[in-house]
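Engineer: Sharing a structure below in structure tokens format, with a few things to ask.
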């Protein structure tokens, strides 16, 4: 499941950024992917739907929710944590 979560999150981010998933690295930030605030919100919704989780994210204050959006790798770690907490 670990690689599946990583692949799915990368696929979602790539789709929102209109990139090939192979262009997305774990170190890239949403800004480096070209995701603006609207695309970031759409990405969060897509992640919630794909994994049936609730992401603590406030579009008005992205740093307030405690969901680390600093890099692709951080997003994947946070998604894994939310999946584990739900189980």
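Engineer: Among the numbered conditions (1) without any contact (Cβ under 8 Å) to a residue 60 or more places away in the chain; (2) within 21 Å of residue 66 (Cα to Cα), tell me where residue 20 comes up short.
Structural biologist: If we test residue 20 against (1) without any contact (Cβ under 8 Å) to a residue 60 or more places away in the chain; (2) within 21 Å of residue 66 (Cα to Cα), just (2) comes out false.
Engineer: Restricting attention to the stretch 30-44, which residues are assigned to a helix (DSSP H, G or I) and surrounded by 13 or more Cβ atoms within 10 Å (Cβ to Cβ)?
Structural biologist: The answer is 30, 32, 33, 39, 40, 41, 42, 43, 44.
Engineer: Could you please give the count of residues in the stretch 48-85 that are in contact with a helix residue (DSSP H, G or I) (Cβ under 9 Å, 6 or more places away or on another chain) and either at pLDDT below 85 or in a loop (DSSP other than H, G, I, E, B) (or both)?
Structural biologist: Counting residues in the stretch 48-85 that are in contact with a helix residue (DSSP H, G or I) (Cβ under 9 Å, 6 or more places away or on another chain) and either at pLDDT below 85 or in a loop (DSSP other than H, G, I, E, B) (or both) gives 14.
Engineer: Considering every residue within the stretch 1-21, establish whether at least one is surrounded by 13 or more Cβ atoms within 10 Å (Cβ to Cβ), part of a loop (DSSP other than H, G, I, E, B) and in contact with a helix residue (DSSP H, G or I) (Cβ under 6 Å, 6 or more places away or on another chain).
Structural biologist: no
Engineer: Taking only pairs six or more apart or across chains, which ones have beta-carbon atoms under 9 Å, a first residue in the stretch 49-65 that is under 12 Å from residue 86 (Cβ atoms), and a second residue that is modelled with pLDDT under 80 and part of a loop (DSSP other than H, G, I, E, B)?
Structural biologist: Once the first residue is under 12 Å from residue 86 (Cβ atoms) and sits in the stretch 49-65, its partners that are modelled with pLDDT under 80 and part of a loop (DSSP other than H, G, I, E, B) give 55/65.
The values are calculated or read from the model by the stated rules, or taken from the named source; none is laboratory data. In this text, all values refer to a predicted model and were calculated from it rather than measured experimentally. With ideal geometry, Cβ positions are generated from the backbone for all residues, glycine too; neighbour counts draw on all protein chains shown.
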